[in-house]
Structures are given as structure tokens and as C-alpha cells.
Amino acid sequence: MATAPAPVPIRRRGMAAGVAGGALVAAALLGIAIGPVGLRPAAVIGEMADRVLPFLAVESGLTDRHEAILWELRVPRVVLAGLVGGTLAMAGGSYQGVFRNPLADPYLLGVAAGAGLGATAAINAGAGSGDWILPLAAFAGGLVAVAATYALGRIGGGRTTTATLILAGVAVASFFTSVQIFAQQLASNRIREVYSWILGRLTTVGWSEVLVLLPFAVVSGAVLVAHGRHLDVLAVGEEEASTLGMRAGRVRLTIVVAATLATAAAVSVSGLIGFVGIIVPHAVRRITGISYRAILPVSLLAGAAFLILADLIARTVIAPSEIPVGVVTAFVGAPFFALILARTRRGLA
Amino acid sequence: MSLLACAGVEAAYNGSRVLAGVTLHVDPGEWVALIGPNGAGKSTLLRVVAGVMTPATGEVMIGGEAVEGMTRRAAARRVAMVPQTPTIPEGMTVRDYVLLGRTPYISYWGSESAEDVATVTTLLARLDLDQLGHRPMQALSGGERQRAVLARALAQEAGLLLLDEPTAALDLGHQQQVLDHVDELRRSSSVGVLSAMHDLTLAAHYADRLVLIDRGRVAASGTANEVLTSEHLDAHFGASVSILHDADGRLIVAPRRV
């Protein structure tokens, strides 16, 4: 009587991962090739193969100046966009799982604003862009903010609903943002530095931002992906998860800390880039189904591809000047958010 | 030795006392029904036994071991709970939902083994759910859904099964179907059952013993004939009933209009 489990969802998950991976490769190639100085994709592939695979000697035909553009400008920027996008998307998916709330997102929960305040304080104290103290200060701020949002969301009820959590996040975000602006005005000699950072930019020369973000992204990413099964169990709520043998409170805390660390590290190098954490996991969930074991890794790939493309748009639409990439993500994200809000209205009460 | 032994269990929510010293026991293969008016403390007692709520005083022993000292994993291998209103995750398939019951057997960083999957396959067949494994939980009827929740609890392979109003939302036929499954299980694998029940006639027919709880205390306990008297039901439920017996001598609680 042992009928095989339906194989369809598994195949769909594999397919989703394949599509997201393919999109990432395509986005990365476009991002590297397109710019004020066009680089032929074939030459880019040849040059990268030459550099990355030591046993291959490919003559890409790029001049030294083009090679410098490739390795010092384009590639670091695309890698940074990919890391930030993937990290934000995965953190967003994790928050949605752990709070059992489709609208939970690093920005709506106030985490990004808290991280912004932490980073601003560090910049005021003399830290520069690409400094390792920046993500740590951002992490501290982000953790305080998410704790404040959660505590505020529970006041009175004991149980958080979608609406109370999001309203609490709005309040916390406004508060932290106002303190952040105040801190920014205080140190007027650093204001340009803070301001260009707060708008959400991926401008980078060389690899220093990538190197700051990479260890945080790898550690928190590994922790979150490894907790996919726990998030699936938490879908039945904390008490039932606990009768199923899970230390639900501790698991929740671990996931929130890892997601906050990921967000803070991303915010500390790229500034405030909204909506990636909500658009990407939602789109992914529609294809992979509801298991976080599939949602989180696929969101990582899809988020990377999404932000690389958003950044490509940000730096090309009004070239030679750039618009902040946060403007692009918000332009796409806000209507998408409204759509999700309409679909989940029943759960809001 | 009793499978479950509660001794002098007291518990409170935000300072107001809900359980005021409950002592009861359940033996392996035995079915004990908790009856009592709304707010009597039945659900709270089940939560304390499951270990998700800590008693203020008193002791809950399962298989001679205190629940309070157990890890969550250890407790979930000994006690399984069917909640009154289970949370059904939107879009989760029946098979994945039942697989959640294997959580206490999966290591922290691990995932389900082939053995876990096989256990679930067997359970789905046993509860007539094998055709529905790939369906989303939302697509099931009330009776099918309740069987899936029961299957999840059975996947924990625990010696003690707690049921909180397992049939509250079901029609008569599906109530009997779910209770028959539980009855067959406790007879075949000597699982002990502690269930909170509102339907007194069903409680009388399925349970070996009844424990009447009122205002956090055990008001009466024993066989159906001993506990379900019109005096008890009047005193503790404020209900006017006739206690009848059918041709086979089984007890029927019939509400009576005064």
C-alpha cells in the first residue's frame, strides 16, 4: 500500500533553483558587460575564465584599461549587489517565517532603520565605509529595533497579528530614523558621507565593501538555510511546535538574530535598500511552495539576481548620473507590497 | 506503575488560579475522559501534562519521570497532543503536515530519514488518508482534517495521547470515526489516552473512566455510571438531564427541558 510521495513539488523546487541560478548568471553577465564603457559579453567570459581558472590561458582581447574597469569597478559592484540582494531576500523570508507574517520584512520591522542608526553613530565616531566596525554597530542597532518592534507588537494583546506587528515596525522605524537624522545633523562635517550612504547606493571601488559583508553574509546565510526545517515546524505556531519537541523560543531567537545580522551587514555597506526582502521571497514561494527549505536558498539566488538588475537600471537610465538603487527597488516594490496587502487582508484583524 | 500520574497539580494564568490541586492517573492502554463545564481547567491540565505549561506546584510524571525535567524532544516522544484548534499552515500538504510529527526523532541539523517517511506512509494508510497525502490541508473536509491532525500526533509514537475536544467541529458520523480510530489504537498498541470531551454520551461509551473537573478540582471520578449522575450534572454543569440506558445497558445523557 506504500504509494510513493508525490514527486511534483520536489521537481518544482529543483526547477525553481535552476531558474533562479540561471537568472543570477544572466544578470551578473549583463551587469558586468553594460556600463559607460561597453564590454563584449564574450570578452568578459573569456577574461573571467582566464583569471579564475589557472590552467586556462584565454586571450580575451581586452585592453589593460578595460581589464581594470572589469576587475576594479564592474565585478566588485555586481558581486556586492548580489551579496546584498541575496542577503536581504533571505533575511526577509526568514522574518516572514519566524513571525508567521507575510508582510514581515527587514524594513517594515524597523531593523533597517535601527541598523542605519547604529551605522550612523559609527560613522560619526570616525568609522569609514568598508570598516568592519560598521556592520557590528549596525547589528546592535538592528537587534534593538527588532526587539522593540516585537515587544511593542505584543503590548495589550499577548498575540501579535500582522497589523499590530507592522504598525509597531512603522513606529519603531520612524523613531530610529528621527534619531538617526538628528545624529547625522550633529556631525555636519560627516554629513556627506552619511547622506550618500543612507540613500542606498552600491557605488564601490575595489573590493573592501565586499570583503566586509562576505563573512557576515556567509555565516548568517548558513545559519538561516540550516534552519529551514525549523521554520517549517514553526508554521504551526510556537506552542504546537513545542509539543512536537522543538525548543521553539530558542529556535526563534536564533533565526531572528541571524536574520538581523544579515540585514545589518547588508545595510552597513549599501545603505537603505527597501522591498527586496518582501518581493523576492513572495515571488519564490509561489513557485517552490511553502517549505522554507526551498524558499530560503532559492530566495538567496533570486534576490542576488534581482538587485544586480535593479542596480543595472539605477546606473543606466539617466547615465552618466545614477539614481539610488533603493529608489528602483521601491518603485517596483511598493505596488507589489500593495498587492500582497490586498491578498492577506483577511489575516489582518 | 501508571503511565501518567498527576499529583496535586496547581496552575495559574497571570495570577488567577485555574487548577487547584488535581490528582489523577492513566494506565497504559486506558482511556480517561476529562469532563466538566467550560473554563473548568481541562485544557490547562492537558497543557501542563504536555509540558508546555509549568505547574505552580505539584508533579506530573510520565512513565515514572517528571515532565518538567525532560527536554522538549524527550517529552514529545512520550506525550503527543491533538490541540483543540490546531494551526493549519496554508498550503502545506497532508503528508508534510503528518511528517511534522516526526520532529522529536530528527536531530537539530538533520532532516527526515527514510524511516520517518515510511512511518508516515503507514499512518496515512491506517487513517484512510493515503489517497490524500499530496492534497493541501485546506482542501480536506473537517473529518479528514481531524484524522490528519490525529495522524501527526500518532507519528510521534508517544505512549500517551492527549486529545483536547477531538470531535468538537465534527458531525456525528465523523465523531465516531475519529474516536473509533483512537479506540483501535489504544487497544492494539496500549497507548494511554487522556481526552477532554464535551459530549458526555460519547465520553461514557469510549472512555474506561471519567474524571469530572470543576473549578480546577476533581469533583468526581470513576466509571460512567458513577460519574454521570443527574445530581453531578446539575451541580457542576447547571444542566437538567435524564440519565437513560439503552437496550444494551449503555448510558445515555439526554438533555431535558425544565
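The values are calculated or read from the model by the stated rules, or taken from the named source; none is laboratory data. Everything numeric in this text was worked out from a predicted model, so none of it was measured. Here the Cβ positions follow ideal geometry from the backbone for every residue, glycine too, while neighbour counts run over all protein chains shown.
Miscellaneous remarks
- Qualifying positions in the stretch B:65-74 - more than 7 Å from chain A (Cβ to nearest Cβ) and over 22 Å from B:L185 (Cα atoms): B:E65, B:A66, B:V67, B:E68, B:G69, B:M70, B:T71
- Looking only at residues in the stretch B:89-109 that are out of contact with any His (no Cβ under 7 Å at 6 or more places or on another chain), facing chain A (nearest Cβ under 8 Å) and not in a helix (DSSP H, G or I), the one that is farthest from B:L194 (Cα to Cα) is B:W109.
- Hits in the stretch B:113-153 - residues which are of a type in the set (D, E, K, R) and out of contact with any helix residue (DSSP H, G or I) (no Cβ under 6 Å at 6 or more places or on another chain): B:E115, B:R126, B:D128, B:E144, B:R145, B:R147
- A:R65 satisfies every condition listed in (1) assigned to a helix (DSSP H, G or I); (2) within 14 Å of chain B (Cβ to nearest Cβ) except (2).
- The condition (being within 14 Å of another protein chain (Cβ to nearest Cβ) and of a type outside the set (D, E)) is satisfied by just one residue among A:I287, A:I323, A:I318: A:I287.
- Remark: A:L234 matches the filter, which requires a residue to be closer than 15 Å to A:Q96 by Cβ, among the aliphatic types (A, V, I, L, M) and more than 18 Å from the chain's Cα centre (by Cα).
- Residue match in the stretch B:136-152 (condition: of a type in the set (G, A, S), part of a helix (DSSP H, G or I) and either over 26 Å from B:G91 (Cα atoms) or touching a strand residue (DSSP E or B) at 6+ places or on another chain (Cβ under 8 Å) (or both)): no
- The requirement of being more than 11 Å from chain B (Cβ to nearest Cβ), of a type in the set (D, E) and at negative phi is satisfied by A:E209.
- Across the stretch A:1-54, the qualifying residues are those that are within 14 Å of another protein chain (Cβ to nearest Cβ) and within 25 Å of the chain's Cα centre (by Cα), and the one among them that is modelled with the highest pLDDT is A:R13.
- Scanning the stretch B:75-87 for residues that are more than 8 Å from every other protein chain (Cβ to nearest Cβ) and not polar (S, T, N, Q) returns B:R78, B:V82.
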